[in-house]
Amino acid sequence: MGVAEPGSVKPSGTEAPDTGSVEAGLDALSTEVTVKHGWGQRLRRSVLPPVVAVALVLLVWQLYASTRTGSAAYNTPSPTDVWETFRTEWSSGAAWESVYNSVRRGIVGFAIAVVIGAPLGLLIARVPLVRTAIGPIVSGLQSLPSVAWVPAAIILIGLTPGAMYFVIVLGAVPSIANGLVAGLDQVPPLYARVGTVLGANWLQQIRYVLLPASLPGFIAGLKQGWAFSWRSLMAAEIISYSPALGRSLGQMLNQGRELSDLSLVVVAIIMILIVGVAIDVLIFAPLERRVLRSRGLLVSR
């Protein structure tokens, strides 16, 4: 077979593929594109839109409240009325005590739920008999409203902090367990086989192979578990009232309802929302970004 002279034209349909350019194109596609923005541009992109949205909501709210008169004005507090109520609650120490007690119960209850839910999810995912026996029950419990556990908790434990933890744990464990099960189900079976070939026993496969590989799904389950924990706690605090429980956000919400004080109700709702968002933004979102970025599933911006 002869060699083509330089500058000669190859016949149509006989050109060899340029493998060098194909590999360069694939490398370009797999290269992570990092676009760095300045602080001013990042603030305009991430902070300005929600600030404008909140300002518009407050403006519409203030205009609507200013049109109400008489008894209707009492039942429709303006943003300035709500701010004054918040200042009163904060200066008296009631708001801080309520936030502290509720957040402390939520974190402790969530930690207990993780200790129970993680091993439970591991057993469901790795032991077929356990998955068949209690897997559907755990999935069904996830759809059960947490408020349904409150009467049972009060009857069994009484109006004590233990009843709050009981409701939180039963509300969060199914989400945490199902999140870990979903993460482990997405791990390729080849990983476990490689661990076996390398001499890893069952515990070493769990520690060094399966749990690290299932982290994205597990963290998603933890986020959902925290959301269920917070909702369960609020449901329990609204229904349960006892001096032994101290002040709480749920109790503040119920107190506003009993006094027909809509400003106090709105203050409690806003504080519950802020705490829930703050926990997600400060803890779970950075953790999730770090895990996804370490696996090449998130492009740095």
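Structure values in brief
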{"read-out": "For region 38-115, convex hull of alpha carbons as volume per residue, Å³", "value": "174 Å³"}
{"read-out": "Residues of region 163-301: accessible area per residue with a 1.4 Å probe, Å²", "value": "51 Å²"}
{"read-out": "Kirkwood Rh, Cα atoms: Rg over Rh of region 178-282", "value": "1.27"}
{"read-out": "Integer Hz, Karplus 6.51/-1.76/1.60 couplings in order for region 180-197, x for Gly and Pro", "value": "5, 4, 4, x, 5, 5, 8, 6, x, x, 4, 4, 5, 5, 5, x, 5, 4"}
{"read-out": "Cα radius of gyration and Dmax for region 100-248 (Å)", "value": "17.5, 60"}
{"read-out": "With at most 12 other Cβ atoms within 10 Å, longest stretch of the chain clear of loop GluC sites (Glu not before Pro) (DSSP)", "value": "33-301"}
{"read-out": "Per-residue HN-Hα couplings for region 48-59 [Karplus 6.51, -1.76, 1.60; θ = phi - 60°; Hz; x = Gly/Pro]", "value": "4, x, x, 5, 5, 4, 5, 4, 5, 4, 5, 5"}
{"read-out": "Stokes-Einstein D (µm²/s) once Rh is taken as the Kirkwood radius of region 247-301 over alpha-carbon pairs, at 37 °C in 0.692 mPa s", "value": "245 µm²/s"}
{"read-out": "Rg ratio (alpha-carbon, reference 2.2 N^0.38 Å) - region 112-180", "value": "1.17"}
{"read-out": "Rg and Dmax of region 50-161, Cα atoms only, in Å", "value": "22.7, 66"}
{"read-out": "For the chain, average projected area of the Cα convex hull in nm²", "value": "28.9 nm²"}
{"read-out": "In Å², nearest 10: area of TYR208 left accessible to a 1.4 Å probe", "value": "150 Å²"}
{"read-out": "The chain, accessible surface, carbon-and-sulfur percent (1.4 angstrom probe)", "value": "67 percent"}
{"read-out": "Viscosity 1.002 mPa s, 20 °C: Kirkwood-radius Stokes-Einstein D of region 73-114 over Cα pairs, µm²/s", "value": "175 µm²/s"}
{"read-out": "Per-residue [θ]222 nm for the chain (sum of -39500 (n - 2.57) over DSSP H runs n ≥ 4, rounded to 500)", "value": "-23000 deg cm²/dmol"}
{"read-out": "Nearest 10 degrees, 0 to 90: helix 285-294 Cα axis against the chain principal axis", "value": "10 degrees"}
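The values are calculated or read from the model by the stated rules, or taken from the named source; none is laboratory data. Computed from a predicted structure; not experimentally measured. Reconstructed Cβ throughout: ideal geometry from the backbone, glycine too, with neighbour counts over all protein chains shown. For accessibility, only protein heavy atoms count, side chains too; no ligands or nucleic acids. Shrake-Rupley method; radii C 1.70, N 1.55, O 1.52, S 1.80 Å.
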